[in-house]
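Asker: Quick one: this structure, given as structure tokens, is what I'll be asking you about.
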Amino acid sequence: MRDGVLLGVERRRRWTDEAKLAILSEVGENGWTVADGARRHDVTRQHIYQWRREMRRKGLWPVADAPVFLPVEMDTAQGCAPAARPSDSEMPQITIVLRNGRELRCSGGLGDAALSRLVRLLETA
């Protein structure tokens, strides 16, 4: 402000919770950073961090999406024939990195129901 004259664009935008959640969900997808999302939607990075805190307080973030399936690469050298079931000491270890940064390490023989329960517990804790 100079001599009572406003210079530049003055604006105050209101964002709905749905719009905030849509912007927040873009961060981390396809390698997007907070700065990328802020630039794309013409907001500051601080807005995004503030919206995360606000949505967590309201219990809306992280959004409980349907499970996401990731591609798995199989070693073709072993062929497709089922192998004999290995003992617990030979069981391969699986590491799953969750959206909140936590890691879940378990044996490959863990059942689907138990694994999904563990993932849900760790994401909400």
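The values are calculated or read from the model by the stated rules, or taken from the named source; none is laboratory data. Being a predicted model, the structure only gives us computed values, none of them experimental. Cβ atoms come from the backbone with ideal geometry, glycine included; neighbour counts cover every protein chain shown.
Asker: Which of the residues spanning segment 23-61 are at pLDDT 90 or above, under 17 Å from Glu123 (Cα atoms) and of a type in the set (Phe, Trp, Tyr)?
Answerer: Scanning segment 23-61 gives no hits.
Asker: Something else: Among the residues of segment 89-107, which ones are part of a loop (DSSP other than H, G, I, E, B), modelled with pLDDT of 75 or more and over 19 Å from the mean Cα position of the chain (by Cα)?
Answerer: Selection gives Pro92 alone.
Asker: Shifting gears a bit: Condition first: within 16 Å of Gly101 (Cβ to Cβ) and surrounded by 15 or more Cβ atoms within 10 Å (Cβ to Cβ). Now tell me which residues in segment 19-43 satisfy that.
Answerer: Leu24, Val27, Val34
Asker: Any residue in segment 1-20 that's at pLDDT 65 or above: show its pairings with residues that are not in a loop (DSSP other than H, G, I, E, B) at Cβ separation under 6 Å, as long as the two are six or more apart or on different chains.
Answerer: That search, which allows pairs on different chains as well, returns Lys20/Trp51.
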